[in-house]
Amino acid sequence: MKQLLLLVVVAMFGCSAGSTNSGGWSAYEDTNLDTVYKYLYRTNAYQLDGHTIRWPDKPIKIYVENNEWKEGVTRWPVSFKFVDSSPPVGVTVQYGNTIGVCGSAEWNFNDTGELQSCKIMISTMHDVMHCYSEQFTVTHEIGHCLGHFEHSDNGSIMDRSSASVRIEPLQRFLDVLYGSPPGTDINGLL
């Protein structure tokens, strides 16, 4: 089961090319902002030359094809607004052919660090592939859509091969990322 999840995570968009292991750091327990900013760089800002990437406005609009997935979305301590159709700016979660992976996320952002869209696909073969629950997969993929573009090794939902649904280890990451405007230059803080 853990090997299958590892395969799923490695094959996800934005994760397989040059992904880095963040080590055993926990943003929940660490009060050293230097460490928090280094983690933020490794999991987010590296994609925009040291500038942060996040949603410009909250609540974040989100469409889910399956209402049971709402629980997987609302595990995150971020404000979402559920809408009836796929929003032009926001997140869409739907079933799709993910070819060998439980789920995937594809995100787009502009040059000012504003996330524009994120599309999550949950495999139509999810149960056959013996994946963890669909809600677990949704929660993990939402983490990528929120700006945690890499994987962690801190006992959180963003770990490569963990069955953990813990969000708490990422709280400081989210506080720092969403406590500043999109495109914040963190290079001088590393």
Of the conditions (1) under 24 Å from R166 (Cβ atoms); (2) in contact with a strand residue (DSSP E or B) (Cβ under 8 Å, 6 or more places away or on another chain); (3) acidic (D, E), the single one that E71 does not satisfy is (2)
Failed item in (1) in a strand (DSSP E or B); (2) of a type outside the set (K, R); (3) under 21 Å from H151 (Cα atoms); (4) more than 16 Å from the chain's Cα centre (by Cα), with A105 passing the rest
(4)
Please go through the range 108-142 and give me each residue that is more than 18 Å from the chain's Cα centre (by Cα) and either without any contact (Cβ under 8 Å) to a residue 12 or more places away in the chain or surrounded by fewer than 18 Cβ atoms within 10 Å (Cβ to Cβ) (or both), ordered by number.
D111, T112, T124, M125, D127, V128, M129, H130
Selection from the range 41-68 of residues of a type in the set (S, T, N, Q) and within 19 Å of F173 (Cβ to Cβ) yields T43, N44, Q47, T52
Residue match in the range 124-144 (condition: under 20 Å from I53 (Cβ atoms), touching a helix residue (DSSP H, G or I) at 6+ places or on another chain (Cβ under 8 Å), part of a helix (DSSP H, G or I) and among the aliphatic types (A, V, I, L, M))
yes
So, in the range 35-55, of the ones that are assigned to a loop (DSSP other than H, G, I, E, B) and under 16 Å from the mean Cα position of the chain (by Cα), which residue ends up farthest from Y95 (Cα to Cα)?
T52
Hey, among T139, T112, which residue is in contact with a Pro (Cβ under 8 Å, 6 or more places away or on another chain) and of a type outside the set (A, V, I, L, M, F, W, C)?
T112
When P88 is evaluated against the numbered criteria (1) modelled with pLDDT of 90 or more; (2) part of a helix (DSSP H, G or I), which criterion, by number, is the only one it fails?
(2)
Residues of the range 65-85 being under 22 Å from H148 (Cβ atoms) and free of Cβ contacts under 8 Å to residues at least 40 places away in the same chain, in sequence order, are K70, T74, S79, F80, K81, F82
Quick check on F80: is it surrounded by 15 or more Cβ atoms within 10 Å (Cβ to Cβ), within 12 Å of the chain's Cα centre (by Cα), of a type in the set (A, V, I, L, M, F, W, C) and within 19 Å of W55 (Cα to Cα)?
no
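The values are calculated or read from the model by the stated rules, or taken from the named source; none is laboratory data. These figures come from a predicted structure and were not determined experimentally. Using ideal geometry, Cβ is built from the backbone for each residue, glycine included, and neighbour counts are taken over all protein chains shown.
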